């Protein structure tokens, strides 16, 4: 069983305030015509001391955005730039969201409560600052499934329907509206550093580096790493470690984020900001999630390279604080770290004992070949062969026969006909029930099924 997040008392800590004058703009939330509570994540609300809020107080804070006690007095829309499909855009920033509050969890970690669909900001450009209800439902599903599959992801804390009719070009309109609150360990993006580089704000860059090291602590660089005592070098090493693991977790999950721009990369290493995501229906490295990704830049199989490229852009931004060779040395660690993370995560998902990286690479390669030739998708593959309960013929079967199962096989989920999955047809089925019948039980049932899969899988390796 996966442990429930640790329940704790509410512990506000708006640590970002000293940086706010040059990092963000104070904004006011939209005044919505209604506030219907559609989803509250009580598992994670308790972990930040908000589990005791009744529904009326919940709506007051997360639908009308009355400030939480001792927290940010005014929401903050963060400023940043970013590469979008490799084209630099200096016209970015939180255009339909803001940082609402910061709290400490029971382990003392700083967590941000950020919004999506909370209204216009100075960075909205031509947008209305709103979120469709369908987009909010999709984000609930994505974050729940990714958390179950061991991906370091933001958590969907709250979704409130807001009673507006939105016009959108990529879905039937008018469509229903919502405001979402996500919980994460930070909202500092690679693009935040890129903005400071372009504006030549070196002192602010140094202050942001120190903030990130203090609030998202990680391991020190290897002892032989050049410049290992310099804050900018330390931060890049930590980010590279996190992002290599994130890339591996996407690949093992069979997940396609869709829009891996530098403004969608979080210094904390968390996956977030879910737009046109997909899970693979079959093993296909060329599979894309975004209809507008015409070149396949962010196709499934290109995600590790895309994430490494983004790390390179962060390194370029950090050049104002450190020499190039130590930063390049940090980037050079991405490949080996990615392979090690792939080995750990693949063995975990398959329910077999950990193995050396080179041995795991052979097994992963054989598994990919088997899925490609059989047309089997990743979810079905891991389900069929979990804990060595079935051995396919050929090279993959021979390699698996040399391994040892680690999982307890008596969880009832493994005796069912198929695993819980989240292919696009299932997502559309859930949305259709909500859209046409206002039936929210189908979503609640799916969330329970996803969490049950998490119980069966257990805790992913760090």
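No value in this document is a laboratory result; all are computed from the given coordinates. Because the structure is predicted, anything quoted here is derived from the model rather than measured. Here the Cβ positions follow ideal geometry from the backbone for every residue, glycine too, while neighbour counts run over all protein chains shown.
Equivalent-ellipsoid semi-axes for segment 283-324 (Cα gyration tensor, √(5λ), whole Å, largest first): 29, 10, 5. Take the Cα radius of gyration of the chain and divide it by 2.2 N^0.38 Å, N being the number of residues; the result is 0.96.
Centre-to-centre, using Cα atoms only, segment 407-462 and segment 254-301 are separated by 21 Å. All Cα-Cα distances of segment 307-462, cut into 5 Å bins from zero to the largest, leave 1, 8, 13, 15, 14, 13, 11, 10, 8, 5, 2, 0 percent in each bin in turn.
Ellipsoid semi-axes for segment 11-70, based on the Cα gyration tensor and the rule √(5λ), read 23, 18, 9 Å when sorted largest first.
Entry for segment 237-278 at q = 0.20, 0.24, 0.32 Å⁻¹: log10 I(q)/I(0) = -0.60, -0.85, -1.26, Debye formula applied to identical alpha-carbon scatterers, no solvent contribution.
The radius of gyration of the Cα set in segment 91-212, together with its Dmax, comes out at 16.3, 47 angstrom.
Each residue in 168, 182 was given a count of other beta-carbon atoms within 10 angstrom of its own, and listing them fewest first yields 168, 182.
Length, then width, then depth: along the principal axes, the Cα atoms of segment 189-406 run 60, 42, 26 Å. Take the Kirkwood radius over Cα pairs of segment 261-335, plug it into Stokes-Einstein at 25 °C and 0.890 mPa s, and you get 175 µm²/s for translational diffusion. Distance from the Cα centroid of segment 322-397 to that of segment 25-61 is 39 Å (rounded to whole angstrom).
Any idea what diffusion coefficient segment 17-187 gets from Stokes-Einstein, in µm²/s, Kirkwood Rh on alpha carbon pairs, 4 °C, 1.567 mPa s?
78
Taking the simple approach of a point 7 Å from Cα along Cα-to-Cβ for both residue 320 and residue 455, what is their distance in nm? In this crude label model, residue 320 to residue 455 measures out at 5.1 nm.
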